[in-house]
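The values are calculated or read from the model by the stated rules, or taken from the named source; none is laboratory data. Quantities reported herein were computed from a predicted structural model and do not represent experimental measurements. Here Cβ is always computed from backbone atoms with ideal geometry, including for glycine, and neighbour counts include all displayed protein chains.
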Amino acid sequence: MLNTLAAQLNFVRQIQAVDTRGVEPLRAIRDETAEADADREIGLETKGVREALERETVVGKHFKRIRRRDEEDKSVRDRPSKEWTPLEAAKKKRGRYFVVNSGRGEEEG
């Protein structure tokens with residue numbers, strides 16, 4: 001363990017010895033070019049943004065809360081999927097529920 005610590009401290013000393021005058025510090029470790037910034041930008045042309053905004057309505061006279069119309073989403077959400085049965089992948093089951101081990105007082109069974 002002491003050898004590992006010594007190696008890490010030696011690495012830090014070598015990094016600190018590098019002359020960084022005139023080098024602009026990084027804001028983050030990622031691509032900071034204008035092209036990368038444009039790629040991360042979200043706008044109306046981004047997939048699904050325009051459609052999501054079109055489903056929103058303003059509710060109320062004073063606070064003007066934004067609510068999303070869910071006509072299309074409810075039909076998909078309420079319909080049971082025939083392909084997906086979550087209990088098939090569960091390791092432990094109790095009736096129609098699956099059991100999640102919390103790590104506290106785990107029992108076999």
Check your understanding: Failed condition for ALA6, given (1) surrounded by 10 or more Cβ atoms within 10 Å (Cβ to Cβ); (2) assigned to a loop (DSSP other than H, G, I, E, B), with all others met?
Key -> (2)
Practice item. Among what's in segment 58-89 and is surrounded by 10 or more Cβ atoms within 10 Å (Cβ to Cβ) and either closer than 30 Å to VAL99 by Cβ or among the hydroxyl-bearing types (Ser, Thr, Tyr) (or both), pick the residue that is modelled with the highest pLDDT. Key: LEU87
Exercise for review: Please give the number of the condition GLN16 fails out of (1) modelled with pLDDT of 90 or more; (2) touching a strand residue (DSSP E or B) at 6+ places or on another chain (Cβ under 9 Å).
Suggested key: (2)
